[in-house]
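Let me begin by presenting the structure, written as structure tokens, before commenting on it.
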Amino acid sequence: MLDDVKSEARERMEKSLEALGHNFNKIRTGRAHPSLLDGLRVEYYGADTPINQVANINVEDARTLSLTAWDKSMIPDIERAIMKSDLGLNPATAGEVIRIPMPMLTEETRKGYIRQARAEAEAARVSVRNARRDAMAMLKELEKEKDISEDDERRGQDDVQKLTDGFIAQVDKLLSAKEADLMEI
């Protein structure tokens, strides 16, 4: 029973860490990376479709992405979706290829992205702590129903706390890496 509680808590904490990684990928650094466009959708035959399912996304150089639409009639729609996004990108079409130059980040935008990264990290920490709280409540309930002893409950709480501390440390490590990446010129 203790192992079930701990494994469920670990699973939830891992999902929080995974979500943090996805959210960090959406925060733009100065370099071009195809995952920047992961959240963008374009209308394709009446359905909102992710851009990476209607176009091939490549990195031309450190500061330029290129998109090649599989259906050439989609090029204006893809351009419009990129411009409407909150990424601050201005695509340029050259025939059948859409090039997206990454603008240099100003000090102000870097600080804004760092604030955003810190907010995402705090949300992940809260999610990890919520998993801890639920695991602790489950342990108390098991002890109350006499399914486990008081010693087992204490041991389980210590294990869950150690697990929580480890995941919080991983969140902090990811945040510091993202901050260093954002401050790199």
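The values are calculated or read from the model by the stated rules, or taken from the named source; none is laboratory data. Because the structure is a prediction, the values reported are computed rather than measured. All Cβ positions, glycine included, derive from the backbone under ideal geometry; neighbour counts span all protein chains shown.
Values as computed for the structure displayed
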item: Failed item in (1) touching a Lys or Arg at 6+ places or on another chain (Cβ under 9 Å); (2) touching a residue at least 12 places away in the same chain (Cβ under 8 Å); (3) hydrophobic (A, V, I, L, M, F, W, C), with Ala92 passing the rest; result: (2)
item: Residues (crowded, with 17+ Cβ neighbours inside 10 Å and closer than 23 Å to Ser66 by Cα) located in segment 101-116; result: Met102, Leu105
item: Ala9 being assigned by TED's automatic domain parsing to the domain that holds Val128 and surrounded by fewer than 16 Cβ atoms within 10 Å (Cβ to Cβ); result: no
item: Residues that are assigned to a helix (DSSP H, G or I) and touching a helix residue (DSSP H, G or I) at 6+ places or on another chain (Cβ under 7 Å), drawn from segment 85-128; result: Arg110, Tyr113, Ile114, Ala117, Arg118, Glu120, Ala121, Ala124, Arg125, Ser127, Val128
item: Tally of residues being part of a helix (DSSP H, G or I) and out of contact with any Gly (no Cβ under 8 Å at 6 or more places or on another chain) across segment 1-40; result: 25
item: In segment 85-139, residue farthest from the chain's Cα centre (by Cα) [restricted to those that are acidic (Asp, Glu) and closer than 30 Å to Ala55 by Cα]; result: Glu96
